[in-house]
Amino acid sequence: MELLTTLWIQRYMVVSVLLFCIGAFSLVFNPNLIKKLIGFDLMDNAIYLMLTSAGYIDGRIAPIVTDFSAAPSAEHFVNPIPAGLVLTGIVVSVSVTAFALALVVRIYQKYHTVYLDVIMASMKKEVD
Amino acid sequence: MSGEKFSRFHRFAAWVDGEEWCGQPAASPAPREKKPRPGKGSSLDRYQLYRRYSQLVGAVFCLTLFGVLMATVLHLPLFGSPDNPTNNEVSQRYIERGIEETGAANIVAGMILSYRVFDTFGESSVLFLAATCVTILLRRDHNNTTTSDLEEMAREDRSGKKDRDMILRTAVLILLPLSALVGVYVMLFGHISPGGGFSGGAILGGGMILYAQTFGNANVRRFFNEHMYHLIKVVCLMGYGLFLVDYVMTGSSGLPGHVPLGIPGHIISAGIIMPIDLLVGFEVTCTIYAFYALFSKGEL
(Lines give C-alpha, C1' and ligand atoms only; values in the text may rest on other atoms or scores of the structure.)
Protein backbone atom coordinates (compact mmCIF):
# COMPACT_ATOMS: atom_id res chain seq x y z
CA MET A 1 0.00 0.00 0.00
CA GLU A 2 2.80 2.34 0.88
CA LEU A 3 4.46 1.46 -2.42
CA LEU A 4 1.27 2.28 -4.34
CA THR A 5 0.93 5.62 -2.52
CA THR A 6 4.50 6.53 -3.43
CA LEU A 7 3.90 5.53 -7.04
CA TRP A 8 0.74 7.68 -7.13
CA ILE A 9 2.56 10.71 -5.74
CA GLN A 10 5.37 10.14 -8.24
CA ARG A 11 2.97 9.54 -11.15
CA TYR A 12 4.68 11.97 -13.53
CA MET A 13 8.01 10.27 -12.95
CA VAL A 14 6.40 6.84 -13.51
CA VAL A 15 4.85 7.98 -16.79
CA SER A 16 8.15 9.46 -17.90
CA VAL A 17 9.97 6.21 -17.07
CA LEU A 18 7.35 4.28 -19.07
CA LEU A 19 7.70 6.66 -22.05
CA PHE A 20 11.49 6.45 -21.84
CA CYS A 21 11.42 2.65 -21.86
CA ILE A 22 8.91 2.49 -24.76
CA GLY A 23 11.23 4.83 -26.69
CA ALA A 24 14.27 2.73 -25.82
CA PHE A 25 12.46 -0.46 -26.89
CA SER A 26 11.58 1.05 -30.23
CA LEU A 27 15.09 2.46 -30.67
CA VAL A 28 16.66 -0.95 -30.03
CA PHE A 29 14.12 -3.35 -31.58
CA ASN A 30 12.53 -1.66 -34.55
CA PRO A 31 14.41 -2.19 -37.83
CA ASN A 32 12.60 0.78 -39.42
CA LEU A 33 14.81 3.86 -39.21
CA ILE A 34 11.88 6.31 -39.04
CA LYS A 35 10.34 4.39 -36.14
CA LYS A 36 13.72 4.37 -34.43
CA LEU A 37 13.70 8.16 -34.66
CA ILE A 38 10.15 8.31 -33.28
CA GLY A 39 11.37 6.24 -30.33
CA PHE A 40 14.27 8.62 -29.89
CA ASP A 41 11.88 11.60 -29.76
CA LEU A 42 9.70 9.76 -27.25
CA MET A 43 12.77 9.37 -25.02
CA ASP A 44 13.46 13.11 -25.36
CA ASN A 45 9.93 13.97 -24.32
CA ALA A 46 10.10 11.60 -21.34
CA ILE A 47 13.14 13.53 -20.12
CA TYR A 48 11.31 16.86 -20.52
CA LEU A 49 8.34 15.55 -18.54
CA MET A 50 10.67 14.38 -15.78
CA LEU A 51 12.55 17.71 -15.60
CA THR A 52 9.38 19.82 -15.60
CA SER A 53 7.76 17.72 -12.89
CA ALA A 54 10.93 18.00 -10.80
CA GLY A 55 10.48 21.78 -10.76
CA TYR A 56 6.81 21.79 -9.75
CA ILE A 57 5.79 22.83 -6.22
CA ASP A 58 2.23 22.29 -4.96
CA GLY A 59 0.05 25.40 -4.75
CA ARG A 60 2.45 27.80 -6.46
CA ILE A 61 2.04 29.61 -9.79
CA ALA A 62 4.10 29.91 -12.97
CA PRO A 63 7.18 32.15 -12.57
CA ILE A 64 5.74 35.28 -14.21
CA VAL A 65 5.54 38.34 -11.97
CA THR A 66 2.33 40.39 -12.26
CA ASP A 67 2.48 42.41 -9.05
CA PHE A 68 5.34 44.91 -9.26
CA SER A 69 4.59 46.79 -6.02
CA ALA A 70 6.85 44.64 -3.85
CA ALA A 71 9.92 42.51 -4.51
CA PRO A 72 8.74 39.03 -5.56
CA SER A 73 9.05 36.30 -2.97
CA ALA A 74 10.30 32.82 -3.79
CA GLU A 75 7.36 31.41 -1.82
CA HIS A 76 4.89 32.22 -4.62
CA PHE A 77 6.45 30.70 -7.73
CA VAL A 78 7.50 27.25 -8.93
CA ASN A 79 11.13 26.59 -9.76
CA PRO A 80 12.02 28.36 -13.07
CA ILE A 81 15.27 26.50 -13.74
CA PRO A 82 13.86 23.21 -15.16
CA ALA A 83 11.63 25.23 -17.53
CA GLY A 84 14.68 26.98 -18.98
CA LEU A 85 16.58 23.70 -19.32
CA VAL A 86 13.62 22.05 -21.10
CA LEU A 87 13.38 25.02 -23.49
CA THR A 88 17.01 24.49 -24.48
CA GLY A 89 16.47 20.75 -24.77
CA ILE A 90 13.45 21.06 -27.09
CA VAL A 91 15.36 23.19 -29.59
CA VAL A 92 18.33 20.82 -29.60
CA SER A 93 16.03 17.81 -30.08
CA VAL A 94 14.31 19.51 -33.04
CA SER A 95 17.73 20.10 -34.62
CA VAL A 96 18.91 16.54 -34.03
CA THR A 97 15.65 15.07 -35.38
CA ALA A 98 15.80 17.19 -38.54
CA PHE A 99 19.41 16.20 -39.18
CA ALA A 100 18.71 12.50 -38.56
CA LEU A 101 15.64 12.56 -40.85
CA ALA A 102 17.74 14.19 -43.59
CA LEU A 103 20.26 11.36 -43.22
CA VAL A 104 17.40 8.82 -43.49
CA VAL A 105 16.20 10.50 -46.69
CA ARG A 106 19.67 10.18 -48.18
CA ILE A 107 19.98 6.54 -47.06
CA TYR A 108 16.60 5.84 -48.71
CA GLN A 109 17.76 7.45 -51.94
CA LYS A 110 20.76 5.12 -52.00
CA TYR A 111 19.27 1.81 -50.79
CA HIS A 112 15.54 2.33 -51.59
CA THR A 113 14.49 1.07 -48.17
CA VAL A 114 14.44 2.28 -44.55
CA TYR A 115 14.80 -1.18 -42.99
CA LEU A 116 18.13 -1.36 -41.22
CA ASP A 117 18.62 -5.11 -41.71
CA VAL A 118 18.13 -4.88 -45.48
CA ILE A 119 20.46 -1.88 -45.60
CA MET A 120 23.12 -3.75 -43.65
CA ALA A 121 22.80 -6.77 -45.93
CA SER A 122 23.27 -4.58 -49.03
CA MET A 123 26.20 -2.82 -47.38
CA LYS A 124 27.85 -6.17 -46.70
CA LYS A 125 27.36 -7.19 -50.32
CA GLU A 126 29.00 -3.93 -51.43
CA VAL A 127 32.03 -4.44 -49.22
CA ASP A 128 32.51 -8.05 -50.40
CA MET B 1 46.13 0.74 -45.51
CA SER B 2 45.99 4.42 -46.14
CA GLY B 3 44.73 3.77 -49.65
CA GLU B 4 41.66 2.05 -48.27
CA LYS B 5 40.89 4.87 -45.86
CA PHE B 6 41.35 7.36 -48.66
CA SER B 7 38.87 5.54 -50.83
CA ARG B 8 36.41 5.31 -47.92
CA PHE B 9 36.64 9.05 -47.47
CA HIS B 10 36.06 9.47 -51.17
CA ARG B 11 33.03 7.22 -50.98
CA PHE B 12 31.69 9.33 -48.12
CA ALA B 13 32.37 12.60 -49.96
CA ALA B 14 30.72 11.23 -53.08
CA TRP B 15 27.72 10.13 -51.01
CA VAL B 16 27.37 13.63 -49.58
CA ASP B 17 27.49 15.01 -53.12
CA GLY B 18 24.84 12.54 -54.19
CA GLU B 19 27.03 10.66 -56.68
CA GLU B 20 27.90 7.02 -56.97
CA TRP B 21 31.31 6.62 -55.44
CA CYS B 22 34.40 6.72 -57.61
CA GLY B 23 35.51 3.47 -59.21
CA GLN B 24 32.12 2.97 -60.80
CA PRO B 25 30.99 5.02 -63.75
CA ALA B 26 28.17 7.39 -62.91
CA ALA B 27 25.44 5.04 -63.98
CA SER B 28 21.78 5.74 -64.47
CA PRO B 29 19.85 5.56 -61.19
CA ALA B 30 18.86 2.14 -59.97
CA PRO B 31 15.25 1.12 -60.53
CA ARG B 32 13.06 1.95 -57.56
CA GLU B 33 11.86 -1.45 -56.50
CA LYS B 34 11.77 -2.77 -52.98
CA LYS B 35 14.47 -5.32 -52.41
CA PRO B 36 13.22 -8.61 -50.95
CA ARG B 37 13.84 -9.14 -47.26
CA PRO B 38 16.53 -11.79 -46.84
CA GLY B 39 14.94 -15.09 -45.90
CA LYS B 40 16.26 -18.11 -44.10
CA GLY B 41 18.89 -20.26 -45.74
CA SER B 42 20.35 -17.45 -47.79
CA SER B 43 23.97 -16.40 -47.55
CA LEU B 44 22.92 -13.99 -44.80
CA ASP B 45 22.79 -16.49 -41.95
CA ARG B 46 25.28 -14.47 -39.97
CA TYR B 47 22.96 -11.50 -40.16
CA GLN B 48 20.03 -13.60 -38.96
CA LEU B 49 22.19 -14.77 -36.05
CA TYR B 50 23.28 -11.23 -35.32
CA ARG B 51 19.70 -9.99 -35.42
CA ARG B 52 18.43 -12.69 -33.08
CA TYR B 53 21.18 -12.08 -30.54
CA SER B 54 20.91 -8.32 -30.81
CA GLN B 55 17.20 -8.59 -30.04
CA LEU B 56 17.92 -10.75 -27.01
CA VAL B 57 20.56 -8.33 -25.75
CA GLY B 58 18.23 -5.42 -26.48
CA ALA B 59 15.37 -7.01 -24.52
CA VAL B 60 17.61 -7.67 -21.52
CA PHE B 61 18.98 -4.13 -21.73
CA CYS B 62 15.54 -2.51 -21.89
CA LEU B 63 14.10 -4.60 -19.05
CA THR B 64 17.12 -3.83 -16.87
CA LEU B 65 16.74 -0.15 -17.70
CA PHE B 66 13.06 -0.24 -16.75
CA GLY B 67 13.79 -1.98 -13.43
CA VAL B 68 16.62 0.37 -12.49
CA LEU B 69 14.61 3.48 -13.38
CA MET B 70 11.51 2.36 -11.46
CA ALA B 71 13.67 1.53 -8.41
CA THR B 72 15.16 5.02 -8.70
CA VAL B 73 11.73 6.65 -8.91
CA LEU B 74 10.82 5.13 -5.53
CA HIS B 75 13.78 6.88 -3.94
CA LEU B 76 13.45 10.27 -5.62
CA PRO B 77 12.30 13.31 -3.64
CA LEU B 78 8.50 13.51 -3.60
CA PHE B 79 6.64 15.35 -6.37
CA GLY B 80 5.47 18.85 -5.52
CA SER B 81 7.19 19.19 -2.17
CA PRO B 82 8.75 22.62 -1.47
CA ASP B 83 11.70 21.09 0.40
CA ASN B 84 13.09 19.22 -2.63
CA PRO B 85 16.82 19.67 -3.22
CA THR B 86 16.08 21.18 -6.68
CA ASN B 87 14.42 24.20 -5.02
CA ASN B 88 17.63 25.63 -3.66
CA GLU B 89 19.22 29.07 -3.36
CA VAL B 90 19.81 29.35 -7.14
CA SER B 91 16.13 29.46 -8.06
CA GLN B 92 15.44 31.64 -5.01
CA ARG B 93 17.97 34.18 -6.23
CA TYR B 94 16.56 34.11 -9.79
CA ILE B 95 13.05 34.79 -8.48
CA GLU B 96 13.87 37.36 -5.81
CA ARG B 97 16.41 39.47 -7.71
CA GLY B 98 15.48 38.61 -11.31
CA ILE B 99 13.28 41.67 -11.93
CA GLU B 100 15.76 44.04 -10.35
CA GLU B 101 18.73 42.63 -12.33
CA THR B 102 17.18 41.78 -15.72
CA GLY B 103 13.94 43.81 -15.78
CA ALA B 104 11.92 40.88 -17.15
CA ALA B 105 8.59 39.98 -15.55
CA ASN B 106 8.83 36.50 -17.06
CA ILE B 107 11.49 35.00 -14.81
CA VAL B 108 12.22 32.11 -17.20
CA ALA B 109 12.92 34.58 -20.05
CA GLY B 110 15.10 36.65 -17.73
CA MET B 111 16.97 33.53 -16.75
CA ILE B 112 17.66 32.08 -20.20
CA LEU B 113 18.33 35.41 -21.94
CA SER B 114 20.29 37.24 -19.22
CA TYR B 115 21.85 34.94 -16.68
CA ARG B 116 22.33 32.08 -19.13
CA VAL B 117 22.47 34.04 -22.40
CA PHE B 118 25.64 32.27 -23.49
CA ASP B 119 23.89 28.90 -23.27
CA THR B 120 20.98 30.13 -25.37
CA PHE B 121 23.41 31.49 -27.96
CA GLY B 122 24.88 28.00 -28.24
CA GLU B 123 21.36 26.66 -28.70
CA SER B 124 20.68 29.07 -31.57
CA SER B 125 23.99 28.05 -33.12
CA VAL B 126 22.92 24.39 -32.91
CA LEU B 127 19.72 25.27 -34.80
CA PHE B 128 21.75 27.20 -37.40
CA LEU B 129 24.11 24.24 -37.78
CA ALA B 130 21.22 21.79 -38.15
CA ALA B 131 19.65 23.92 -40.91
CA THR B 132 23.03 24.08 -42.66
CA CYS B 133 23.50 20.30 -42.44
CA VAL B 134 20.00 19.62 -43.76
CA THR B 135 20.70 22.02 -46.64
CA ILE B 136 23.96 20.18 -47.44
CA LEU B 137 22.21 16.79 -47.38
CA LEU B 138 18.93 17.54 -49.14
CA ARG B 139 19.47 20.45 -51.52
CA ARG B 140 18.73 19.58 -55.12
CA ASP B 141 21.48 20.05 -57.68
CA HIS B 142 22.59 18.42 -60.92
CA ASN B 143 24.20 15.51 -59.03
CA ASN B 144 21.18 14.15 -57.21
CA THR B 145 18.25 15.11 -59.44
CA THR B 146 17.07 12.97 -62.31
CA THR B 147 14.79 14.03 -65.12
CA SER B 148 12.01 11.81 -63.77
CA ASP B 149 12.17 13.68 -60.43
CA LEU B 150 11.86 17.00 -62.26
CA GLU B 151 8.93 15.74 -64.32
CA GLU B 152 7.18 14.50 -61.20
CA MET B 153 7.65 17.87 -59.50
CA ALA B 154 6.34 19.74 -62.54
CA ARG B 155 3.30 17.45 -62.64
CA GLU B 156 2.61 18.09 -58.95
CA ASP B 157 2.89 21.84 -59.54
CA ARG B 158 0.44 21.71 -62.45
CA SER B 159 -2.11 19.61 -60.58
CA GLY B 160 -1.72 21.88 -57.56
CA LYS B 161 -2.48 24.91 -59.68
CA LYS B 162 -5.51 23.31 -61.25
CA ASP B 163 -7.41 21.91 -58.24
CA ARG B 164 -6.87 24.52 -55.62
CA ASP B 165 -9.57 24.15 -53.06
CA MET B 166 -11.70 27.26 -52.62
CA ILE B 167 -12.49 26.60 -48.93
CA LEU B 168 -8.88 25.88 -48.10
CA ARG B 169 -7.65 29.00 -49.87
CA THR B 170 -10.15 31.29 -48.18
CA ALA B 171 -9.47 29.76 -44.77
CA VAL B 172 -5.73 30.16 -45.22
CA LEU B 173 -6.13 33.77 -46.32
CA ILE B 174 -8.02 34.44 -43.07
CA LEU B 175 -5.69 32.39 -40.88
CA LEU B 176 -2.40 33.61 -42.29
CA PRO B 177 -2.51 37.23 -40.99
CA LEU B 178 -3.73 35.93 -37.63
CA SER B 179 -0.88 33.44 -37.33
CA ALA B 180 1.64 36.11 -38.32
CA LEU B 181 0.14 38.46 -35.72
CA VAL B 182 0.19 35.83 -32.96
CA GLY B 183 3.77 34.86 -33.84
CA VAL B 184 5.06 38.42 -33.66
CA TYR B 185 3.02 39.04 -30.49
CA VAL B 186 4.53 36.01 -28.76
CA MET B 187 8.02 37.17 -29.77
CA LEU B 188 7.47 40.80 -28.68
CA PHE B 189 5.88 39.94 -25.33
CA GLY B 190 8.31 37.15 -24.45
CA HIS B 191 9.73 39.06 -21.50
CA ILE B 192 6.43 39.93 -19.79
CA SER B 193 4.20 36.93 -20.59
CA PRO B 194 4.64 33.29 -21.57
CA GLY B 195 6.38 32.96 -24.90
CA GLY B 196 9.63 34.03 -26.44
CA GLY B 197 11.67 33.80 -29.61
CA PHE B 198 11.50 30.07 -30.15
CA SER B 199 7.75 29.63 -29.70
CA GLY B 200 6.91 32.78 -31.69
CA GLY B 201 9.23 31.70 -34.49
CA ALA B 202 7.59 28.28 -34.58
CA ILE B 203 4.12 29.87 -34.92
CA LEU B 204 5.27 32.22 -37.69
CA GLY B 205 7.07 29.38 -39.48
CA GLY B 206 3.93 27.25 -39.21
CA GLY B 207 1.94 30.02 -40.90
CA MET B 208 4.46 30.15 -43.72
CA ILE B 209 4.27 26.36 -44.15
CA LEU B 210 0.46 26.62 -44.34
CA TYR B 211 0.76 29.28 -47.07
CA ALA B 212 3.30 27.22 -49.00
CA GLN B 213 1.11 24.11 -48.79
CA THR B 214 -1.93 25.93 -50.15
CA PHE B 215 -0.48 28.31 -52.73
CA GLY B 216 2.72 26.49 -53.68
CA ASN B 217 6.35 27.24 -52.92
CA ALA B 218 6.62 29.54 -55.94
CA ASN B 219 4.32 32.03 -54.25
CA VAL B 220 6.40 32.02 -51.06
CA ARG B 221 9.50 32.59 -53.19
CA ARG B 222 8.10 35.98 -54.23
CA PHE B 223 8.78 37.41 -50.78
CA PHE B 224 11.06 34.79 -49.20
CA ASN B 225 13.66 33.40 -51.58
CA GLU B 226 16.99 31.77 -50.84
CA HIS B 227 18.87 35.07 -50.76
CA MET B 228 16.42 36.45 -48.21
CA TYR B 229 16.73 33.27 -46.15
CA HIS B 230 20.52 33.49 -45.91
CA LEU B 231 20.36 37.22 -45.19
CA ILE B 232 17.83 36.94 -42.34
CA LYS B 233 19.46 33.90 -40.79
CA VAL B 234 23.00 35.27 -40.77
CA VAL B 235 22.03 38.83 -39.76
CA CYS B 236 19.89 37.52 -36.86
CA LEU B 237 22.57 35.22 -35.50
CA MET B 238 25.27 37.91 -35.86
CA GLY B 239 23.04 40.51 -34.18
CA TYR B 240 22.47 38.10 -31.31
CA GLY B 241 26.23 37.55 -31.08
CA LEU B 242 26.88 41.32 -30.96
CA PHE B 243 24.32 41.85 -28.18
CA LEU B 244 25.87 38.95 -26.30
CA VAL B 245 29.43 40.27 -26.63
CA ASP B 246 28.37 43.74 -25.51
CA TYR B 247 26.40 42.39 -22.56
CA VAL B 248 29.09 39.99 -21.36
CA MET B 249 31.99 42.41 -21.84
CA THR B 250 30.37 45.33 -20.02
CA GLY B 251 29.06 43.09 -17.26
CA SER B 252 32.36 41.30 -16.67
CA SER B 253 34.17 44.67 -16.49
CA GLY B 254 31.75 45.82 -13.78
CA LEU B 255 30.20 48.50 -16.01
CA PRO B 256 26.47 49.21 -16.27
CA GLY B 257 24.88 47.87 -19.46
CA HIS B 258 24.33 50.07 -22.50
CA VAL B 259 20.68 49.13 -22.81
CA PRO B 260 18.48 50.57 -20.03
CA LEU B 261 16.29 48.08 -18.17
CA GLY B 262 13.17 50.26 -18.26
CA ILE B 263 10.05 49.80 -16.14
CA PRO B 264 9.19 46.12 -15.53
CA GLY B 265 5.92 45.11 -17.18
CA HIS B 266 6.14 47.56 -20.10
CA ILE B 267 6.83 46.35 -23.62
CA ILE B 268 10.01 48.39 -23.96
CA SER B 269 11.77 47.04 -20.92
CA ALA B 270 14.13 44.28 -19.86
CA GLY B 271 17.15 45.59 -21.80
CA ILE B 272 18.50 43.15 -24.35
CA ILE B 273 15.83 40.48 -23.89
CA MET B 274 13.21 41.82 -26.32
CA PRO B 275 15.60 42.49 -29.26
CA ILE B 276 17.20 39.07 -28.75
CA ASP B 277 13.75 37.44 -28.68
CA LEU B 278 12.92 39.10 -32.01
CA LEU B 279 16.23 38.06 -33.60
CA VAL B 280 15.90 34.47 -32.37
CA GLY B 281 12.26 34.41 -33.50
CA PHE B 282 13.08 35.36 -37.08
CA GLU B 283 15.94 32.88 -37.19
CA VAL B 284 13.64 30.10 -35.98
CA THR B 285 11.02 31.11 -38.57
CA CYS B 286 13.61 30.78 -41.34
CA THR B 287 14.84 27.45 -40.01
CA ILE B 288 11.36 25.92 -39.63
CA TYR B 289 10.32 26.96 -43.13
CA ALA B 290 13.67 25.80 -44.54
CA PHE B 291 13.20 22.36 -42.97
CA TYR B 292 9.77 22.11 -44.61
CA ALA B 293 10.91 23.34 -48.01
CA LEU B 294 14.05 21.19 -48.10
CA PHE B 295 12.27 18.01 -47.02
CA SER B 296 9.35 18.46 -49.41
CA LYS B 297 10.89 20.04 -52.51
CA GLY B 298 14.64 20.05 -51.94
CA GLU B 299 14.95 23.78 -52.52
CA LEU B 300 13.85 27.00 -50.90
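The values are calculated or read from the model by the stated rules, or taken from the named source; none is laboratory data. Bear in mind the structure is a predicted one, so any value in this text is a computation, not a measurement. Please note: Cβ atoms are built from the backbone with ideal geometry, for glycine as well, and neighbour counts cover all protein chains shown. All accessible areas refer to the heavy atoms of the entire protein, side chains included, with ligands and DNA or RNA removed. Shrake-Rupley method; radii C 1.70, N 1.55, O 1.52, S 1.80 Å.
Remarks
- Residue match in the stretch A:61-70 (condition: assigned to a strand (DSSP E or B) and modelled with pLDDT under 85): yes
- Where residue A:123 falls short, out of the listed (1) modelled with pLDDT under 85; (2) closer than 30 Å to residue B:263 by Cα: (2)
- If the condition is being open to solvent by 90 Å² or more (accessible area, probe 1.4 Å) and within 18 Å of residue B:165 (Cα to Cα), then the stretch B:209-234 contributes only B:213.
- Once the stretch B:117-128 is narrowed to residues that are open to solvent by 40 Å² or more (accessible area, probe 1.4 Å) and within 7 Å of chain A (Cβ to nearest Cβ), the residue that is farthest from the chain's Cα centre (by Cα) is B:119.
- Among (1) more than 30 Å from residue A:109 (Cα to Cα); (2) open to solvent by less than 30 Å² (accessible area, probe 1.4 Å) - the single one residue B:92 does not satisfy: (2)
- The set of residues in the stretch B:60-89 being among the aliphatic types (A, V, I, L, M), at pLDDT 85 or above and touching a helix residue (DSSP H, G or I) at 6+ places or on another chain (Cβ under 7 Å) consists of B:65, B:69, B:70, B:73, B:74.
- Leading residue by the ranking (nearest to residue A:109 (Cα to Cα)) among those in the stretch B:265-300 that are part of a helix (DSSP H, G or I) and among the small types (Gly, Ala, Ser): B:296
- Selection from the stretch A:1-54 of residues that are of a type in the set (Ser, Thr, Tyr) and either farther than 24 Å from residue A:79 by Cα or facing chain B (nearest Cβ under 10 Å) (or both): A:5, A:6, A:12, A:16, A:26, A:53
- Residues of the stretch B:72-88 that turn out to be more than 33 Å from the chain's Cα centre (by Cα) and open to solvent by 50 Å² or more (accessible area, probe 1.4 Å), as a count: 6
- Screening residue A:18 with (1) modelled with pLDDT under 90; (2) within 20 Å of residue B:78 (Cβ to Cβ); (3) open to solvent by 40 Å² or more (accessible area, probe 1.4 Å) gives one miss only, at (1).
- Considering residues of the stretch B:89-116 that are more than 9 Å from chain A (Cβ to nearest Cβ) and of a type in the set (S, T, N, Q) only, the residue farthest from residue B:263 (Cα to Cα): B:114
- Residues (without any contact (Cβ under 8 Å) to a residue 12 or more places away in the chain and either surrounded by 15 or more Cβ atoms within 10 Å (Cβ to Cβ) or within 21 Å of residue B:191 (Cα to Cα) (or both)) located in the stretch B:129-152: B:133
- Each residue in the stretch B:48-59 was checked for being over 33 Å from the mean Cα position of the chain (by Cα), within 10 Å of chain A (Cβ to nearest Cβ) and at pLDDT 75 or above, and 1 pass.
- Among the residues of the stretch A:83-125, those that are more than 7 Å from chain B (Cβ to nearest Cβ), under 30 Å from residue B:92 (Cβ atoms) and open to solvent by less than 30 Å² (accessible area, probe 1.4 Å) comprise A:86, A:89, A:93.
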